[in-house]
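Heads up, the thing below is written out as structure tokens.
The values are calculated or read from the model by the stated rules, or taken from the named source; none is laboratory data. Model, not experiment: these values are computed from the prediction. Quick reminder, even Gly has a Cβ in these numbers, built from the backbone with ideal geometry, and neighbours come from all protein chains shown. All accessible areas refer to the heavy atoms of the entire protein, side chains included, with ligands and DNA or RNA removed. Shrake-Rupley method; radii C 1.70, N 1.55, O 1.52, S 1.80 Å.
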Amino acid sequence: MAPSQASHVPTLDSLIKAFNNQLLEASIESLIFLLKRRQVKGDECAKATAHILRQVVAKSKWHDVDQLLSRVQSAGSRVARAAPQEPVIGNVVRRVLGLIRDEASEDRNADDYGSEAASDIQSLAPSAPLPQRPPPVPVRPSPSVIAGGGLQVSKSMFNLLSVADTDSPMTGASTPLSQAQPASVHALRSEVMDGIEEILDEINQADDQIAGFSEIQIHPGDYVLAYQPSRTVERFLVKAASKRRFTVIIAGLESPTHGATEAPYAALRKKLNGAGVKTINLASNGLMAYIPRVNKVIFSAKAVYQNGGLLVDSGCCIAAQAAHEYLKPVIVLSPVYKFCPEDPSDEVSRGELGNPSGYVSYANGPAVDALDIENTVTDYIPPELIDVYLTNLGPQTRHHLASILADHYKTEDIGFNLHLGES
Amino acid sequence: MAAEANGAPSPAPAAQDGTKTAPAPANPTAAPANTEKLTAAQLKAKAKAEKAARRAQVKEARVAAPAALSTQEKGGAADAKGGKGKGKQDGQQAQNKGGHLQAHRPSISGRRPSMPAVEKDVRSGIPECFSHIPMAKRIPTSQAHKDVHPAVLAVGQQMATFALKDSISRLKATLLAFRKVIESYETPKGNSLSRHFVPHVLNPQIEYLTECRPMCFAMGNAIRLLKGKVNKFDIDTAEDEAKEGLLEWIDFLINERITLTEYAIARNAAQSINEGDTILTYGRHRLVEKALLEAKNNGKSFDVTVIDDPFECGGQELAKTLRQAGIRVLYSPNLGGLRPKVAAASNVFLGGEAIFANGSLHAPSGTADVAMAAMNAGVKVIVLCETINFDRDRVSVDSLTYNEIDPERNTADCFRLLFDNTHDKYITGVITEFESGGGNSPAQAILALLRKQEDPLID
């Protein structure tokens, strides 16, 4: 059934194209179905979420910032609930919410000179819906920057910058307060849309940016163990291959029972071999045997949690653990949009169960009847096994993840996933 | 007298004929037995091969003549079954007979020239960084050294094809085959068994077995013991007496170090299983299976988690066996989710192929990952291993020192090593046949253990 249906399955690209001609509701529903069927998964989720939120901003009806926020929140949580195994969706929703808040506060600052403090204080209220567009509270236009900075630690530096910006001459060009409503809605909409475009650009460019660091990480003569190389890892290795001669050991081949005609990762290996880089496919369960030969282990994460732990495809944990034992560096490739401002749940550390029929055939009646078969497809890797988090912003250690998270997410939105369970 | 004298000449030539032709009738009787087993296709192939042989007569003659000569010379000593003084034809038939024990027998002629090329190919695919590691190889029985005993040929083939896989079953088969070799051995005149047997008869067998698949450490130990035993015989010991002694010794070794050991280890390990435990094991190992079944028979109730290697799938069989015995089994086909599974277990039981002098464990690939995960989670790791598997001369600190390449996955497209090396710090204890009462010793203690337990009957 799979091959015949393959042609009917809308790919992500065609889906995104279709978004423009569809009603908003239809677009959301079709994405939700794809997510539930896992036809959109992994890195694609981030892109799809950004696109759908762009549609929400463009097409849904809203008259002020709060309405926009709640529209995005509700659409975002519906999408996120469709694929709870993809924390990336929640991250993108949080990014968009943070973007809206930023734009809104800029607007307000632009709108009236005196309300900086007020808007700052409002944005403080954690995850409380913002009050209706506030009447200019008669607060003294005092050095409020300091007050705001004192209260809110994580944003203090940014407030400094943003306030400095809004104090610049552009304030003079702002519309008078009385007519602000429709015009500012229009402006906000286009600003937010632009912001989402930027997020999309970031998502699209992340792999290339990460690949830019490959020269620093891979040295001539290295033996690099790549566990189930994803697209990000492939780019990274191919980029490195243009400058360096090394050997790639590809581990984590899928179940051997399905006799694939072509050797796995053939395309990647062809590219690497073409560049003069040797490749070896490992068909092995355990990896301890090969680690003495390996110089570093590279794989990509599905998500990075705020404690530095990783959500990965199952088996990466074996690689990380073995490398850690031999003190070989473990390098995780993860774009910033995969960093989650939350802690891993119990379900994450237990791992997700996948279809075991690749290992124990349904034709094998006695085994299917008698055994409890668990094919775990995701693993949680504790932070102490990871040496380098290579992001599109450069290499990081786990001690500085908090500052990255603070830069990209607003404290109000961190609780976003907590609302997932409701309704 | 005259009558006797007259009568005698007539039967005497007959008797002489009988003795002279004795090998000849023996062969025809053997040959039909062979042909009965041959299928039509095999017959055809054989006929074809013979035709090819005839066509290449001129060529063949040059090669075959010296070969035939050498079989004539040494045939008596090496190939007892073939009889003495046989010609080329007989030699071939005898080879045929020996070879027919295995199904993989190729036709005699026409293969040789192509073999070296194939041989090169087999190893050429191995990535350079692993090229020092040996690999099992299927040698056509026609390629084997002519002195190799048919029983050893059969064992060699089974090892090369991994029909005999774990160290103990390989050891047992080897010892039984050597038993046959000793039974059929006759000391040539002017030699004594203690001087002649090892270099001229035993060594070719060992070489052949090593060529089929690198020897496991248990085989190495047993062969060392066997050679020591042979050398201990006085040069004047009667051949029958020596042979009898060797055969008895082999039986004793099999009984003491394999049969009884298995029972003792299973009993010791079963005692260390507590009511309500969850035992985690990796792959399928005979001793672990025996121990778990023994514990179940003792009336203990416990759960078992079987982690498997998808490239071997032995664990699935183990899981089914345990399930049939009424044990609750959780089966995981790969190492995914290893950490939570190990953390939920109360004991990890691992079977080993060998233990080195530094206490590190040589076991099927993946064992080290399981042991390490268990130790990190604070779960006991218990290794079950016979002392015949202990190697007191070698030390291994990583898995690339002593290992084997999977002959089916030996190229850059698909590569796999069969074993890995578990550092002794990831092993809580080793259960051997020597320890009683469920106690076990740390892996580092094996040298001390071996010295203490040296067995005068075996060494």
Hey, could you pull the Cα Rg and Dmax for the stretch B:178-245, both in Å?
-> 12.3, 36
Which order do the peptides B:358-370, A:348-360, A:381-393 take when ranked by the mean count of other beta-carbon atoms within 10 Å per residue, highest first?
-> B:358-370, A:381-393, A:348-360
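Using only atoms on other chains, find how many Cβ atoms lie within 10 Å of each Cβ of peptide A:286-299 and report the average.
6
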How far apart, in nm, are the 7 Å Cα→Cβ label points at B:VAL397 and B:SER441?
-> 2.4 nm
Rounded to the nearest 0.05, what FRET efficiency is calculated for B:GLU275 and A:LEU327 with R0 set to 56 Å and r the Cβ-Cβ distance?
-> 0.85
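Quote the relative contact order of the stretch B:351-444 in percent (integer), defining contacts as alpha-carbon pairs under 8 Å separated by 6+ residues.
37 percent
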Would you calculate the separation in nanometres between label points at A:PHE33 and B:LEU176, each defined as 7 Å from the Cα along the Cα-to-beta-carbon direction?
-> 6.3 nm
How high is the FRET efficiency between B:GLU408 and B:GLN324 when r is their beta carbon distance and R₀ equals 35 Å, given to the nearest 0.05?
-> 0.75
Between the residues B:SER365, B:GLY337, B:ASN403, the Cα farthest towards the positive end of the dipole of the stretch B:263-452, that dipole coming from +1 and -1 charges on the beta-carbon of Lys, Arg, Asp and Glu, is from B:GLY337
For peptide A:323-330, compute the average count of partner chain beta-carbon atoms within 10 Å of each residue's beta-carbon.
-> 1
Under the Kirkwood approximation for Rh and a Cα-based Rg, what ratio Rg/Rh is obtained for the stretch A:212-392?
-> 0.99
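Using a 1.4 Å probe on protein heavy atoms only, how many Å² of accessible area do A and B hide from each other, summed over both chains and rounded to 100?
Values: alone 21080 and 22990 Å², together 40180 Å².
So the total buried area for this chain pair works out to about 3900 Å².
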Averaged over A:372-383, how many beta carbons belonging to a partner chain fall within 10 Å of each residue's beta carbon?
-> 5
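Starting from the Cα-Cα distance between A:GLN22 and A:ILE216, subtract it from 0.36 nm times their residue separation and give me the gain in nm to one decimal. If you can, show how the numbers build up before the last one.
Values: separation 194, 0.36 × 194 = 69.84 nm, distance 4.57 nm.
Additional length available on full extension: 65.3 nm.
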Rounded to two decimals, the Debye log10 I(q)/I(0) of the stretch B:263-452 (Cα scatterers, no solvent) at q = 0.11 Å⁻¹ is -0.45
Label-reachable residues, the stretch B:302-322, where backbone N falls under 20 Å from a point 7 Å from A:ASP369's Cα toward its Cβ = B:316-322
Unit charges on C-beta of K, R, D, E only; dipole of the stretch A:212-392, Debye = 1340 debye
Percent RCO, i.e. relative contact order, over the stretch A:212-392, from Cα pairs under 8 Å lying at least 6 residues apart = 22 percent
Tell me, what is the per residue accessible area of the stretch B:263-452 in Å², probe radius 1.4 Å?
-> 32 Å²
Would you please give the FRET efficiency between B:ALA238 and B:SER124, computed as 1/(1 + (r/R0)^6) with r the Cβ-Cβ distance and R0 = 45 Å, to the nearest 0.05?
-> 0.30
